[in-house]
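Just below is one structure, and these are the notes that go with it.
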Amino acid sequence: MTASLPRQALPPDEPPRPTEDRRHKIRRRALTLLIIVLLIGVPAGYLVISANQSRDSGKDKEAKYAATGLTKGWPSKVQRRLYQVPMPHPSGKVASYETNNWKTSRLYVQFQTPVRNLDVFLHDMGVTRADLKRDAITISARDQKITGWEFTRTGPWYGLVHKQKNPKPTQDVVVNLSDPKNPFFYVVSRAVP
């Protein structure tokens, strides 16, 4: 059994406080509980949401870098700038894939765009339409195997190799003009570190 402690005496000039009624006690406890929930629950909820977003971001990056071939979607702006692949707007049927090793890094890109963007794309790359050679498949068999590209469909096919001095990338470009209004581009850009 515990001994009760003596209560401190009230100052003589202060009137005694009324005892707390049940309603007030419940309200005070509810307010205390609400404050505790807000002080602990809100930050905990934020941490859970943040952790899930971080995990999802990691899964997206893991899937991107685990890809073993072309994946649907635009290459990042950094990749386009690094490999000097000027993607014209609008473009459709876009897919890309990047490989890196200690010797050479490559960006593979395919897209279809309106014919008005053909000259824009070539100009932004630093070449002209005159540099395109008919029936020149400039993308190597090795690169075709990696991407699954087959240049056996109806053409006409045009190709070029845009060589640049290191550290600038070299681009191999093949254009399919079977749909003259919407040419299909295949680009392999190689950078040597």
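Of all accessible surface on the chain at a 1.4 Å probe, what whole percent is carbon and sulfur? Please list the in-between numbers first.
On the way: 8020 of 13890 Å².
The nonpolar share, carbon plus sulfur, comes to 58 percent.
What does the accessible area per residue of segment 55-193 come to in Å², with a 1.4 Å probe and no ligands, DNA or RNA counted? Walk me through the intermediate numbers first.
Working: 8150 Å² over 139 residues.
Per residue, segment 55-193 has 59 Å² of solvent-accessible surface.
Can you tell me the length gained on complete extension of the stretch K181 to S50, counting 0.36 nm per residue apart and subtracting the Cα distance? Please report the intermediate quantities before stating the final value.
Numbers: separation 131, 0.36 × 131 = 47.16 nm, distance 4.68 nm.
Taking 0.36 nm per residue and subtracting the Cα distance, the gain is 42.5 nm.
Specify the angular offset, from 0 to 90 degrees and rounded to the nearest 10, of the alpha carbon long axis of helix 116-125 from the longest principal axis of the alpha carbons in the chain.
80
With every protein chain left in place and a probe of 1.4 Å, what is the accessible surface of S4, to the nearest 10 Å²?
The value for S4 is about 110 Å².
Would you be so kind as to identify which of V94, V192, A130 lies farthest towards the positive end of the dipole of segment 59-193, taking Lys and Arg as +1 and Asp and Glu as -1 on Cβ and the Cα centre as origin?
V192
Between the helical axis of 22-66 and the dominant principal axis of the chain, each derived from Cα atoms, what acute angle in degrees is found, rounded to the nearest 10?
With both axes taken from Cα atoms, the answer is about 20 degrees.
Once the whole set of protein chains is in place, how much accessible area is left on L33, using a 1.4 Å probe, in Å² to the nearest 10?
Using a 1.4 Å probe on the heavy atoms, I get roughly 110 Å².
Rounding to the nearest 20 debye, state how big the charge dipole of segment 77-193 is about its Cα centre with +1 on each Lys and Arg Cβ and -1 on each Asp and Glu Cβ.
Numbers: 18 positive and 9 negative charges, 59 e Å.
The dipole magnitude comes to about 280 debye.
Take R29, R106, R22 and sort them by solvent-accessible surface of the protein heavy atoms, 1.4 Å probe, largest at the top. Write out the running numbers ahead of the final one.
Values: R29 145, R106 35, R22 180 Å².
Ranking R29, R106, R22 by accessible area, largest first, yields R22, R29, R106.
Students often check this: by mean Cβ neighbours within 10 Å, which of 37-47, 153-163 ranks highest, and how do the rest follow?
Sorting 37-47, 153-163 by mean packing, highest first, produces 153-163, 37-47.
The values are calculated or read from the model by the stated rules, or taken from the named source; none is laboratory data. None of the values given here were measured: they were computed from a predicted structure. All Cβ positions, even for glycine, are placed from backbone atoms using ideal geometry, and neighbour counts span all protein chains on display. Surface accessibility is based on the protein's heavy atoms, side chains included, excluding ligands, DNA and RNA. Shrake-Rupley method; radii C 1.70, N 1.55, O 1.52, S 1.80 Å.
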